[in-house]
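The values are calculated or read from the model by the stated rules, or taken from the named source; none is laboratory data. Because the structure is a prediction, the values reported are computed rather than measured. Here the Cβ positions follow ideal geometry from the backbone for every residue, glycine too, while neighbour counts run over all protein chains shown. All accessible areas refer to the heavy atoms of the entire protein, side chains included, with ligands and DNA or RNA removed. Shrake-Rupley method; radii C 1.70, N 1.55, O 1.52, S 1.80 Å.
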Amino acid sequence: MNTDRKKRVSVLSKGMRQRVTLACAIIHEPELLFLDEPTSALDPVNTAHIHKGLRYLNERGTTIFLTTHDMTEAESLCERVAILHKGEIRAIGAPDELKKIHRDGTLTVELTSGEKERLSMNGDSAAAIAGWMSRGQIDRMYTNELSLGDIFIKLTGSELV
């Protein structure tokens, strides 16, 4: 039996208080919900629980405006992201769209020998990749796109806090 259900909210842990606050905010299934850093300073279990609840609410039709300094959270939860700096919108769009706009046009090929090759994504690299593939030398390949945190720093000149 959960003993927390008989406790006063003021004596609950921060994670449980935030879950109670969120429950109060969503109990009436609002059309619009504004949240200011709903997972700040929470452990991964409580963060995952709140994320699950927010996704469920959004799927049921609630529009959610979320402020966060956690770019991983923004990428995971948000269909559109606005990067603000000193009261100005520096970028706005879907996380994947923002990454595409700010990518550097290169990819990294990690070879089974442990070497890493950074290549341009133009057609000139295809022959090298085909050669490594035919010899079974590719361990993995990935594009070198910036994270949302990197994009934030690039656009604002600020460090994430």
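Against the conditions (1) of a type in the set (K, R); (2) modelled with pLDDT under 90; (3) not in a loop (DSSP other than H, G, I, E, B), R103 satisfies every one except (3).
Just so you know, in the stretch 1-50 the residues that are in a loop (DSSP other than H, G, I, E, B) and of a type in the set (K, R) include one that is most open to solvent (accessible area, probe 1.4 Å), and it is R8.
Here S113, S158 are screened, and the one residue that is part of a loop (DSSP other than H, G, I, E, B), of a type in the set (S, T, Y) and either open to solvent by 70 Å² or more (accessible area, probe 1.4 Å) or modelled with pLDDT of 95 or more (or both) is S113.
In the stretch 124-155, of all residues being modelled with pLDDT of 95 or more and either polar (S, T, N, Q) or in contact with a His (Cβ under 8 Å, 6 or more places away or on another chain) (or both), the one that is nearest to I89 (Cα to Cα) corresponds to Q137. Taken over the stretch 57-82, the criterion of being buried (at least 16 other Cβ atoms within 10 Å of the Cβ) and touching a residue at least 60 places away in the same chain (Cβ under 8 Å) is satisfied by M71, A74, E75, V81.
Scanning the stretch 37-82 for residues that are of a type in the set (V, I, T), touching a helix residue (DSSP H, G or I) at 6+ places or on another chain (Cβ under 7 Å) and over 19 Å from P95 (Cα atoms) returns T39, I50. Scanning the stretch 1-39 for residues that are modelled with pLDDT under 85 and polar (S, T, N, Q) yields N2, T3, S10, S13, Q18, T21.
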